[in-house]
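Everything on this sheet refers to the single structure shown next.
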Amino acid sequence: MTSPLLSQPGAVAADPPDVGVAAHYGDPYAEQRALTAGTALVDLSHRPVLRVAGPDRLTWLHSLLTQHLTELAPGQWTQALVLSPQGHVEHHLTLLDDGAQLLAHVEPGTLGALIEFLQRMRFLLRVDVEDVTEEYAVVHSAGLDRFVPRASLSALTGPLAGIGAYEALRVAARRPRLGVDTDHKTIPHEVGWLGSAVHLDKGCYRGQETVARVYNLGRPPRRLVLLHLDGSDSELPAVGDPVLSEDRAVGRVGTAVRHHELGPLALAVVKRQVPDDAVLVAGSVAASIDPAAAFDAPVSPARQAAAAREGLLRRR
């Protein structure tokens, strides 16, 4: 769907996967500053919206998704994942229950497959799954997402920021995006979703064995990092470009942006053994890891204790 806000003065249409909304409205850096200050609104109406209704909706989704949902309070936003049987991330949902229904927004192009999966898992439970993208739109302001009636989009007032500003702040905050900063092999531990989208003390769900095993036994094979890019290069690396160290591929580039304060940045997933001070090339652009923003997946207390014992034994 094409947003009516694309008719605003100065609006420039975004590229895939964000077709249908504005990349910016004429001043990308000013829009980033306004969004940082909490005074601007971002049109995310290109994101598909799922509705799950019925009295069994929370217990049913609790059994399928990675998040603890049985006690989700009305009005409380959260995130959840659908994993493959091997623990790889297939879907990422940002969701809200209002006490009568649950709404979730997902990445463009993924809702059909998600609904197909959910419909297969309904059995005899009292749930209803529906694509309500034509009814609801997503907007973001003051750090929060909101579902609004799609018919009211054109009536929204206040300063607007394009999806480009939203993406620049997302990258600086090191928040991954499904299908852009992840690939078919991604597990939640690698990109920081253990804290925001996975509950480690809930019942069984598909892929839980991998989540528990990697959490209990050690580090994942890759990690998400924030890259500072050489600002003298006029081009940014593309999604999927290799990250090279001494001409050897050690990872892949995700989202690359130009930040109003930090300059050109990119998210990348690299092999865990790549040191923070490595000299890298992202696509064809010189890059370095921001050590302050380097992500390290949490490990279980049992694994921490074992590592401490191993360290004592080595010192002896």
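What the table below lists for this structure:
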read-out	value
Index of the failed condition, residue 210 passing every other in (1) among the polar types (S, T, N, Q); (2) within 24 Å of residue 82 (Cβ to Cβ); (3) free of Cβ contacts under 8 Å to residues at least 60 places away in the same chain	(3)
Residue that is in contact with a Phe, Trp or Tyr (Cβ under 7 Å, 6 or more places away or on another chain) and more than 30 Å from residue 162 (Cα to Cα), where the choices are 83, 64, 69	64
Selection from segment 53-94 of residues that are of a type in the set (Val, Ile, Thr), in contact with a strand residue (DSSP E or B) (Cβ under 8 Å, 6 or more places away or on another chain) and surrounded by fewer than 21 Cβ atoms within 10 Å (Cβ to Cβ)	78, 94
Selection within segment 68-113 - in contact with a Pro (Cβ under 9 Å, 6 or more places away or on another chain) and among the β-branched types (Val, Ile, Thr)	89, 106, 110
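Residue by residue, here is whether (1) surrounded by 16 or more Cβ atoms within 10 Å (Cβ to Cβ); (2) modelled with pLDDT of 95 or more; (3) not polar (S, T, N, Q) holds:
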| position | (1), (2), (3) |
| --- | --- |
| 128 | no, yes, yes |
| 135 | no, yes, yes |
| 143 | no, no, yes |
| 197 | yes, yes, yes |
| 220 | yes, no, yes |
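The values are calculated or read from the model by the stated rules, or taken from the named source; none is laboratory data. Model, not experiment: these values are computed from the prediction. Here Cβ is always computed from backbone atoms with ideal geometry, including for glycine, and neighbour counts include all displayed protein chains.
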